[in-house]
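Participant: This is the structure, below, for whatever I ask next.
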Amino acid sequence: MIGDRMIGLLSDLHKQHEQLLELSLKKTEALKANEMKALDQILTQENKCIQQIDAIENARVQEVESLLNQKGIVADENPSLAQLLRFYNEKEQQTLLEVQAELRTTIQKLQEQNELNHELTRQSLQFVNASLSLMEPKQPTANYGRPGQSTKSNGYQKQQSIFDSKA
């Protein structure tokens, strides 16, 4: 069957995206618990998963180009599955459309989870920055007064009203 290779590639892409989604969910929990060691391991696993997705995607593109070349058609930059369906039988078309729908759903969930992780990371960085700014030594505020005049009297700052000036 001509469609077996394409169905296999799309299924592999879907499996890898599901694995990436699972890692993204784990990343959310690690971010919430502030577990940096676990987060580092998850990021390493994500990178491996992304590399596998890239390899599968390259194989898919080659398969599309090969199919189109066999049919004597010049490939677009990124032909859609709808453009390719006419080359497959009904059963293959149905399977390809089902796998495509599953892949789209998984990618949508992954995008939503990544947005959540992005927001959690942003909030965490804001908290770290706020904590660091609280630890910084405070600069003394500038006091205005006459040279040589002490601003403290018996431990309290001498206050003078603006209306106490001589006329």
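Participant: How many residues does segment 62-116 contain that are surrounded by 16 or more Cβ atoms within 10 Å (Cβ to Cβ) and among the polar types (S, T, N, Q)?
Facilitator: 5
Participant: Pairs needed: first member in segment 48-73, in contact (Cβ under 8 Å) with a residue 24 or more places away in the chain; second member anywhere, among the charged types (D, E, K, R); C-beta distance under 8 Å; at least 6 residues apart or different chains.
Facilitator: Ile56/Asp12; Glu63/Arg5
Participant: Do we have any residue at all in segment 18-34 that's at pLDDT 95 or above and in contact with a Ser or Thr (Cβ under 7 Å, 6 or more places away or on another chain)?
Facilitator: Yes; the residues of segment 18-34 include at least one that is at pLDDT 95 or above and in contact with a Ser or Thr (Cβ under 7 Å, 6 or more places away or on another chain).
Participant: Could you list, in sequence order, all residues of segment 38-61 that are loosely packed, with under 12 Cβ neighbours inside 10 Å and either polar (S, T, N, Q) or in contact with a strand residue (DSSP E or B) (Cβ under 9 Å, 6 or more places away or on another chain) (or both)?
Facilitator: Thr44, Asn47, Gln51, Asn58
Participant: Is it the case, given these coordinates, that Ser80 is within 30 Å of Val128 (Cα to Cα) and hydroxyl-bearing (Ser, Thr, Tyr)?
Facilitator: Here the answer is no, as Ser80 does not meet what is asked.
The values are calculated or read from the model by the stated rules, or taken from the named source; none is laboratory data. Quick caveat: nothing in here was measured; it's all calculated off a predicted structure. For neighbour counting, all protein chains shown are included, and Cβ atoms are generated from backbone atoms with ideal geometry for every residue, glycine included.
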